[in-house]
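Please read the structure below before turning to the comments.
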Amino acid sequence: MRQTAQAHDLQFELYLSETAIQVRVSDLGKALQQRYAQQHPIFLGILNGAFMFTADLVRAFGEECEVAFIKVASYEGTQSTGEIKTLIGLTNDLQNRHVIVVEDIVDTGNTMARLMPELQAQQPASIALATFLLKPDALLHPYLPLDYVGFEIPNKFVIGYGLDYNGSGRQLAAIYQLIGH
Ligand code: 5GP
């Protein structure tokens, strides 16, 4: 596995290996299976970053479910701008359904803090959040339902496993952390 990665002008170093990721995602899938088997939940993947995590998580879950993708956040460069576009692409009826929101990373939590009430308004039977990564030191909304977290990581910019830096790096099977800065 490559130890470093480059995206545009920035250098990154390996932080979470592909194997570590697969083991953890498999565990999360099993935990979800315990909770949601027979309940036909809806996995709502947040585009673009969560496409890879959603695919692996749903496979690890392995039970009957629905999968949909929505788009919410605008994020430029390596700093969260806090600017959020409105929710695009939700066509499923969530009323009385068990919803699992699948996110790539919760940083400040602003995106999820904004999204959750919009989803709650549709009166789902339950709503949980599965995030692949969490930066606890950056979190501004500790009340978020962070039931399923892949890895807690330091407050440093990362790419790979679906996460990008200005459009680059999503294809990497591992997570790479920005060197320096
Ligand atoms: P929040 O609203 O929680 O501050 O930020 C959530 C969004 O910011 C994520 O969905 C992701 O798009 C972006 N983000 C936050 N931290 C990182 C990071 O370290 N790397 C990348 N690639 N995106 C990040």
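The values are calculated or read from the model by the stated rules, or taken from the named source; none is laboratory data. Remember, it's a predicted structure, so these values are computed and weren't measured experimentally. Please note: Cβ atoms are built from the backbone with ideal geometry, for glycine as well, and neighbour counts cover all protein chains shown.
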message: I want to confirm something. Restricting to segment 101-122 and keeping residues that are of a type in the set (D, E) and under 16 Å from V149 (Cα atoms), which single residue is nearest to the ligand (Cβ to nearest atom)?
response: D107
- line: Of the residues in segment 154-171, those that are near the ligand (Cβ under 8 Å from one of its atoms), in contact with a strand residue (DSSP E or B) (Cβ under 6 Å, 6 or more places away or on another chain) and part of a loop (DSSP other than H, G, I, E, B) come to K156, F157, G169
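Within segment 106-124, is there a residue that is exposed (fewer than 15 other Cβ atoms within 10 Å of the Cβ), closer than 29 Å to L16 by Cβ and hydroxyl-bearing (S, T, Y)?
Yes, the conditions are met somewhere in segment 106-124.
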- request: Quick one: which residue in L146, L134, L90 is surrounded by 21 or more Cβ atoms within 10 Å (Cβ to Cβ) and under 18 Å from T54 (Cα atoms)?
  value: L134
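Among the residues of segment 110-166, write down those that are among the hydroxyl-bearing types (S, T, Y) and over 20 Å from K71 (Cβ atoms). Working first, answer last.
Of all residues in segment 110-166, those among the hydroxyl-bearing types (S, T, Y) come to 111, 126, 131, 143, 148, 161, 165.
S126, Y143, Y148, listed by residue number.
Among the listed residues A138, A125, A130, identify the single one that is of a type in the set (A, V, I, L, M), at pLDDT 90 or above and within 12 Å of the ligand (Cβ to nearest atom). Can you show your working first?
Values: A125 fails: within 12 Å of the ligand (Cβ to nearest atom); A130 fails: within 12 Å of the ligand (Cβ to nearest atom).
Of A138, A125, A130, the one residue that is of a type in the set (A, V, I, L, M), at pLDDT 90 or above and within 12 Å of the ligand (Cβ to nearest atom) is A138.
Identify, please: which residue in segment 113-153 is in a helix (DSSP H, G or I) and farther than 18 Å from I46 by Cα and is, among those, farthest from the chain's Cα centre (by Cα)? Give the steps one after another, and end with the answer.
Step one: filter segment 113-153 for residues in a helix (DSSP H, G or I), giving 113-120, 136-138.
Within this subset, residues satisfying the condition of being farther than 18 Å from I46 by Cα are 136-138.
On the way: P136: 14, D137: 17, A138: 16 Å.
Per the criteria, the residue is D137.
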